[in-house]
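The values are calculated or read from the model by the stated rules, or taken from the named source; none is laboratory data. Owing to the predicted nature of the structure, the values given are computational and were not obtained by experimental measurement. Because the Cβ atoms are built from the backbone with ideal geometry, glycine has one as well, and the counts that use them run over all protein chains shown. The accessibility values were calculated without ligands, DNA or RNA, using every heavy atom of the protein model including side chains. Shrake-Rupley method; radii C 1.70, N 1.55, O 1.52, S 1.80 Å.
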Amino acid sequence: MERTLSIIKPDAVANNNIGAIINIFEQAGLAVVAAKMVHLSQMQAEDFYAIHKARPFFGDLVRFMISGPVLVMALEGEDAVARNRELMGATNPKDAAPGTIRSLFAKTIDENAIHGSDSKENAANEIEFFFNNIELCVRTR
Ligand code: GDP
């Protein structure tokens, strides 16, 4: 079993696509083990995306991520990191495979509906960024 961090971004939240996106995860065998809605501050968004600080789109990315609330989740399942990345589709929705979350719910690379950890190491760090041990639930049934 593996865990990964997923964020339903402000565009998808605003378009009322939370349920449809979680449905895709659940149908694919990923279980929600923690979830909360948050409206990130500029500092929190800059901190979370610190790895992209030098990229030309950093300012736009932060502005987008604080433009409205997001739904943050920890997902659990076999190969959760890779499986989540497959379900998300390519960063640019124009390149995303049919049926993926970004092909279904995103229009542009600037507003691409979903974030997902890109490695096991980043998944652990990102989950810790948002959730404490009490908020992370073990699925007992
Ligand atoms: P991801 O792992 O598929 O989300 O992609 P990256 O780690 O490469 O980029 C992180 C996020 O930065 C993406 O999901 C986009 O929201 C944003 N991003 C990436 N490239 C661009 C770009 O060229 N312009 C803008 N505005 N945002 C971008």
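Here the ratio of the Cα radius of gyration of the range 2-85 to 2.2 N^0.38 Å is 1.14.
Using a 1.4 Å probe on the protein chains only, how many percent of the accessible area of the chain belongs to carbon and sulfur? Answer for the chain: carbon and sulfur cover 51 percent of the accessible area. Other residues lying with their Cβ under 13 Å from the Cβ of residue 28 contribute a combined charge of -3, Lys and Arg counting +1, Asp and Glu -1.
Compactness of the chain was expressed as the Cα radius of gyration divided by 2.2 N^0.38 Å, which yields 0.98. Net charge within 13 Å of residue 127 by Cβ-Cβ distance, Lys/Arg positive one each and Asp/Glu negative one each, not counting residue 127 itself? Once all neighbours under 13 Å are counted, the net charge is -3.
Each of 115, 52 has its accessible area taken with a 1.4 Å probe; listed largest first, they run 52, 115. For the chain, the solvent-accessible area with a 1.4 angstrom probe is 55 square angstrom per residue.
About the centre of its Cα atoms, the range 18-67 shows a dipole size close to 80 debye [charges on the beta carbon of Lys, Arg (+1) and Asp, Glu (-1) only; nearest 20 debye]. Shown for the chain are no DSSP H helices, since none reaches 15 Å along its axis, judged by Cα atoms, with a mean Kyte-Doolittle hydropathy of at least 0.5.
Here residue 42 and residue 140 are evaluated by their C-beta separation; at R0 = 35 Å the FRET efficiency comes out at 0.35. Straight-distance candidates among the lysines for linking to residue 36, with alpha-carbon spacing under 16 Å and chain neighbours fewer than 8 residues away dropped: 9.
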